Amino acid sequence: MPPSVTRRPGTADAVVLGLAATLGAGVFGVWGPAADAAGAWLPMAVVVAGVVALCVAAAGSDVARAHPGGCAVGGTALLPAGLARLAGLAHLVGRAAAGATAATVFGSYVLPSRPVLAAVGLVVVVTGLAVAGVTCTVRSAWALVGGVGVVLFVAVLVGLVGAGGRQIDESSAVSAAAQAAAPVGPASAGAPGLLTAAGLLFFAFVGFARLFPLGTQLPDPRRAVGLTLGVALLVHLAVAVALLCGLGVDAVATAAAPLAALVDAGGAPALGVLVRIGAAVACGCTLLAVLAGGSRTAATMAGRGELPRVLATPGRGGSLWRADLVGGAAAVVVVATLGPVGALTVASCALLVHYALVGMAAVLLPAAARSWPTSVFATGSVLCVLLALLLPVRGLAVTTVTLAVLWVLATLNLQRGRAG
């Protein structure tokens, strides 16, 4: 969410804000399904996801600078109204599922015996904070990045020196029932499996959207985007390699809390506590940012008449508390119905759809408004579509049906408003 600062943010502040959003729930919880799909090719899948993220982050940054407040696709100034509506709805669905994913990762690390209860509790608490107008500042972002960085460094060190061994604590394993309820799918080997994993790992990089509201304030947005995603890619690569070295592919693929499993297997309970605390804080901050981003998108669409206009009405303190409540409720529904892997798949799929349209919008920008080549935008858009189509079938189907239904309802709401 936009930082509460009185001074103009510099490149360092922007990069830290981006990293605070990127090194969140994804870096702690996306590895199981991704390893199940890619196997030993997991590091390559991380690279593919990072490249796609860079392409669409470049597109989103240019669009946001040219059309501030345009729902990340420039509103209807660049795309036809129907596609702009689809982009906004995909962003909302992706945010709701991302919030659910963050909550389920929190539950897996903090209360593995009752993960759903812990996940719902986190959503309720964080939604309350969002309604109260709590925001993330530059100072808190620096603290978060520093703390999470220490946690990840410790976990990577344990994995690379082999202290993790090959054993996994039973409490950190995904139950067979949970895996059966939300399987990753048949694409589990070779190039299709690698791309399936890359689609799931894309979720871990989408915090780059934190940079978009800062685009008009930064002296060099292109540098901020490149540095943020470059550092994020290196961190995720290090974690992937450490997990494969410390646990092995099979153990990573079946771990609900892989980083905790890595340090627990090394026989260092204190380090396990440190990792769980880091995961809890990161997931809570991710959820808070997710609700804020979803509320802004909902308010923009409500202002256009596509959603109920009450969602655009701020409270006394300026917070969009009605939109926050709707976002929190949607996250709880996803937690209860789809589970961890299902929520991750829907989040990745919906956000890939959204950023495919962002890339399309960026291609339509006039040359003077572009700081990156159009080939970068087009490549990101095409790759987003490809990765979305190769995601697990169940998640792809849920996302498609949800977006279709919401698009029809939003269109009818818009027409009703015009007729009235």
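The values are calculated or read from the model by the stated rules, or taken from the named source; none is laboratory data. All values derive from a computational prediction rather than experimental measurement. In this analysis, Cβ positions are derived from the backbone assuming ideal geometry, glycine residues included, and neighbour counts consider all displayed protein chains.
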TODO: List the number of the failed condition for L92; all other conditions in (1) closer than 18 Å to T286 by Cα; (2) touching a helix residue (DSSP H, G or I) at 6+ places or on another chain (Cβ under 8 Å); (3) at pLDDT below 95 hold.
DONE: (3)
Task: Only one of A330, A397, A419, A323 that is on the phi < 0 side of the Ramachandran plot, touching a Ser or Thr at 6+ places or on another chain (Cβ under 6 Å) and not β-branched (V, I, T) - done: A323
TODO: Might you check whether a residue that is within 21 Å of the chain's Cα centre (by Cα), modelled with pLDDT of 95 or more and among the aromatic types (F, W, Y) occurs anywhere in the range 393-411?
DONE: no
Task: Boolean, T379 is over 24 Å from R95 (Cβ atoms) and either in a helix (DSSP H, G or I) or at pLDDT 95 or above (or both) - done: yes
Open item on the list: Considering only the range 78-89, I want to know if a residue exists there that is surrounded by fewer than 21 Cβ atoms within 10 Å (Cβ to Cβ) and either under 28 Å from F28 (Cβ atoms) or free of Cβ contacts under 8 Å to residues at least 60 places away in the same chain (or both).
Closed with: yes
- [ ] Determine whether the range 36-43 contains at least one residue that is touching a His at 6+ places or on another chain (Cβ under 8 Å), modelled with pLDDT under 95 and of a type in the set (A, V, I, L, M, F, W, C).
- [x] no
TODO: Restricting attention to the range 301-318, report how many residues are of a type outside the set (A, V, I, L, M) and within 13 Å of A410 (Cα to Cα).
DONE: 6
- [ ] Could you name every one of the helices (runs of 4 or more DSSP H) located completely within the range 174-272 that has at least 3 residues being at pLDDT 90 or above and out of contact with any Ser or Thr (no Cβ under 7 Å at 6 or more places or on another chain)?
- [x] 190-201, 221-246, 249-253, 258-264
TODO: Could you list, in sequence order, all residues of the range 316-370 that are assigned to a loop (DSSP other than H, G, I, E, B) and surrounded by fewer than 24 Cβ atoms within 10 Å (Cβ to Cβ)?
DONE: R316, G317, G318, S319, L364, L365, P366, R370
Open item on the list: Of everything in the range 387-420, what is outside any helix (DSSP H, G or I) and under 20 Å from F203 (Cα atoms)? Give them in sequence order.
Closed with: L390, L391, P392
Open item on the list: What pairs come out if I take residues in the range 318-346 that are within 15 Å of G107 (Cβ to Cβ) and pair them with residues that are assigned to a helix (DSSP H, G or I) and aromatic (F, W, Y) whose C-beta lies under 7 Å away, six or more apart or interchain?
Closed with: L344/F203
Task: Pairs with Cβ under 9 Å, 6+ apart, first in the range 376-387 and over 11 Å from L357 (Cβ atoms), second polar (S, T, N, Q) and modelled with pLDDT of 95 or more - done: L387/T196; L387/S348
